[in-house]
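Each reported figure results from applying straightforward, stated rules to the coordinates on display, with no laboratory input. These figures come from a predicted structure and were not determined experimentally. Counting neighbours? That spans all protein chains shown, and the Cβs are built from the backbone with ideal geometry, glycine included.
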């Protein structure tokens, strides 16, 4: 397996910049995720690595080779697409074996080697009993496994996965996430995986690159991305429910040696750690974000001055998510299942003063 590197890689379609000087480094045997919404440039990045799309600027490395001018067949990478792209007239066995029988590899593998490899892949993907079936006889999950098998059988230097489980139902997606992660570790494959699903990225990735509109916003380990978002986009995109943001910027105030924020006449207390961070800045106003799980609801007066009216209630697994009208904002609060409140009820809110996120008013960058 090999590392994959992009150095200031760009791609334009007419006047539209799909990828804007992005640099990435996927290490040998790493499970690397590119996370972002539709239109972020994720598929364009994979296509440039695979050679299916020309690079307009920058360099693509596979191992120590610059591959910008290499044809796709000479790059020794395998790609599995969002659409399974199986050959409908071939059996499962023939679909998986196809890359070994392609003209570019003519004579490299005997029929015995082909059969042994297909059998091994079939066993690993738990589709060994399906090898004689046609694609029309398979479920969505089985088709996805066949597409993965066809990519894995060549033992490529890098494995490119373009939203490979997007079409599966929720239960099967959950199952396939675990399967794919286990499979990647077992094969030791260098894998780059694109997805718009932050849960997939957080649960499966070794490293995540967050992109939007062709620009790289942040790169890091899943917990770093979640706990230390680089800007407002990352903070809101990563997390379920997403991070709350107060619509209006808060004024930075000091009184009696204490630094705090003020929003619409309401005081927002800060922990000593965050007070120290704010004191190091010269900003007079800041944008504030806080995750739904870092807000506590109370029926009694919490003494914070923050009060809200319950607007919406959702039950999500073993938790409840309340949406409250608070001082002109709509804030989501995640509570244990045993906390109950009715629509229209008024509640007090208490914020975890050490879990408040602050962002520059103009750039949106985290401070």
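Observations, loosely collected:
- Debye equation applied to the C-alpha atoms of the chain, log10 I(q)/I(0) at 0.06, 0.09, 0.15 Å⁻¹: -0.31, -0.64, -1.22
- C-alpha center-to-center spacing [region 322-367, region 141-155] in angstrom: 44
- Under the simplified labelling scheme, the residue 300-residue 174 pair shows an inter-label distance of 3.7 nm, with each label point 7 Å from Cα along Cα→Cβ.
- Angle between the chain longest axis and helix 170-187 axis [Cα atoms, degrees, rounded to 10]: 60
- P(r), alpha carbons of region 244-360 - 10 Å bins starting at zero, rounded %: 13, 46, 29, 11, 1
- Estimated FRET transfer efficiency when R0 is 22 angstrom, pair residue 228-residue 248 (beta carbons, to 0.05): 0.35
- Cα long-axis angle, helix 140-152 against the chain (0 to 90 degrees, to the nearest 10): 60
- Dividing the summed helix terms, -39500 (n - 2.57) for each DSSP H run of n ≥ 4, by the number of residues in the chain produces a 222 nm estimate of -7500 deg cm²/dmol to the nearest 500.
- Remark: 283, 318 ranked as 318, 283, counting other beta-carbon atoms within 10 Å and listing the fewest first.
- D_trans [Stokes-Einstein, Kirkwood Rh over alpha-carbon pairs] for region 160-302, 10 °C, 1.306 mPa s, µm² s⁻¹: 88
- Net length gained if the chain between residue 136 and residue 21 were fully extended (0.36 nm per residue, minus Cα distance): 37.2 nm
- Separation of alpha-carbon centers, region 58-90 and region 165-225, rounded to whole Å: 19
- Computed label-point distance, nm, for sites residue 345 and residue 273 using a 7 Å Cα→Cβ extension: 3.2
- Residues of region 296-312 with amide N under 15 Å of a point placed 7 Å along Cα→Cβ from residue 325: 307-312
- In nm, spacing of pseudo-spin labels at residue 262 and residue 352 (7 Å Cα→C-beta vector): 2.8
- In terms of surrounding Cβ atoms within a 10 Å radius of their Cβ, 114, 333 rank from fewest to most as 114, 333.
- Per-pair calculated FRET efficiency, R0 = 30 Å: residue 182 and residue 312 via Cβ, rounded to 0.05: 0.20
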